[in-house]
Each structure stands twice: as C-alpha cells, then as structure tokens.
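K.L.:
Next up is a structure, given as structure tokens.
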Amino acid sequence: MYLVQFLVLSSILFCIGVYGVLARRNAVLVLMSIELILNSVNINLIAFGAFNGAAIPAEVFALFIIAVAAAEVGVGLALVLTIYRNSKSIDLHQVDLLKG
C-alpha cells in the first residue's frame, strides 16, 4: 500500500470531522466528530512512521493520543450530562443560558 492512500483516507476523515464540529448542534455528535479528527491524526502518524521506518515511536505517540481522546470523551460526556440535567436539551446553542 502506498502512503498516498492513507493520506487520502486521513484527509477524508478529517474533513468529515471538521464538518461535524462546525455544522452540528448536538453536543454528542460534536464529540464524535472530534474523535474522527483525532483518529485521522493517528492514521497520519502511523502512515508517516511506517513510511520513514520509525513505526514504533509513531505507534507509541498514537497510543498517547488515544489516551487523551479517552479522557476527552469522559470529560465531554460529563459536561453533556450536566448540560442535559440543567436545561433538558443538549443543543449547544442553549449552553449560554447556563451563565450565572
């Protein structure tokens, strides 16, 4: 397989993720889009690491990104649950109503 195929896949995932972050109003879908962006970064890391012959450091760095993504999901879902508990909606445009 060639490097270009992985880069095209990664760019498609990144574009879908950016569109999801910018166009969605649902907080859960925004979190899923951020996960797509992080997965596209992981694909780039692994592809460039394999292409340059440094696959092990790239894979270790990708594992750190996966750990950060898991922590981001935990914090993000806690925020979504708090927003839903207070406003009975997870619409991101209603978050400014929670200002004190």
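K.L.:
Quick one: which of 35, 59 is open to solvent by 60 Å² or more (accessible area, probe 1.4 Å), touching a helix residue (DSSP H, G or I) at 6+ places or on another chain (Cβ under 9 Å) and under 30 Å from residue 2 (Cα atoms)? Talk me through it step by step, then tell me what you get.
P.N.:
Values: 35 fails: open to solvent by 60 Å² or more (accessible area, probe 1.4 Å).
Sole residue among the options that is open to solvent by 60 Å² or more (accessible area, probe 1.4 Å), touching a helix residue (DSSP H, G or I) at 6+ places or on another chain (Cβ under 9 Å) and under 30 Å from residue 2 (Cα atoms): 59.
K.L.:
In segment 10-31, is there at least one residue being assigned to a helix (DSSP H, G or I), over 27 Å from residue 95 (Cα atoms) and open to solvent by 50 Å² or more (accessible area, probe 1.4 Å)? Before the answer, list the steps.
P.N.:
So the first thing to find is which residues in segment 10-31 are assigned to a helix (DSSP H, G or I), and the list is 10-23, 27-31.
Then keep just the ones that are over 27 Å from residue 95 (Cα atoms); that gives 10-13.
Filter once more, so that each one left must be open to solvent by 50 Å² or more (accessible area, probe 1.4 Å): 11-12.
The answer is yes; a qualifying residue exists.
K.L.:
Under 9 Å between Cβ atoms, at least 6 apart or on separate chains: pull out the pairs that start in segment 76-88 with a residue that is over 15 Å from residue 33 (Cβ atoms) and end on any residue that is of a type in the set (Gly, Ala, Ser) and part of a helix (DSSP H, G or I).
P.N.:
If the second residue must be of a type in the set (Gly, Ala, Ser) and part of a helix (DSSP H, G or I), the pairs left are 79/27; 83/27; 84/27.
K.L.:
Same structure again: Regarding residue 46, is this residue in contact with a helix residue (DSSP H, G or I) (Cβ under 6 Å, 6 or more places away or on another chain), open to solvent by 60 Å² or more (accessible area, probe 1.4 Å) and not in a loop (DSSP other than H, G, I, E, B)? First the steps, then the outcome.
P.N.:
Numbers: in contact with a helix residue (DSSP H, G or I) (Cβ under 6 Å, 6 or more places away or on another chain): yes; open to solvent by 60 Å² or more (accessible area, probe 1.4 Å): yes; not in a loop (DSSP other than H, G, I, E, B): yes.
So residue 46 passes the test.
The values are calculated or read from the model by the stated rules, or taken from the named source; none is laboratory data. This one's a predicted model, so the numbers in the text were calculated from it and none came from an experiment. So basically every Cβ, Gly included, is an ideal-geometry build from the backbone, and we count neighbours across all protein chains shown. Surface areas here come from the heavy atoms of the whole protein model, side chains and all, with no ligands, DNA or RNA. Shrake-Rupley method; radii C 1.70, N 1.55, O 1.52, S 1.80 Å.
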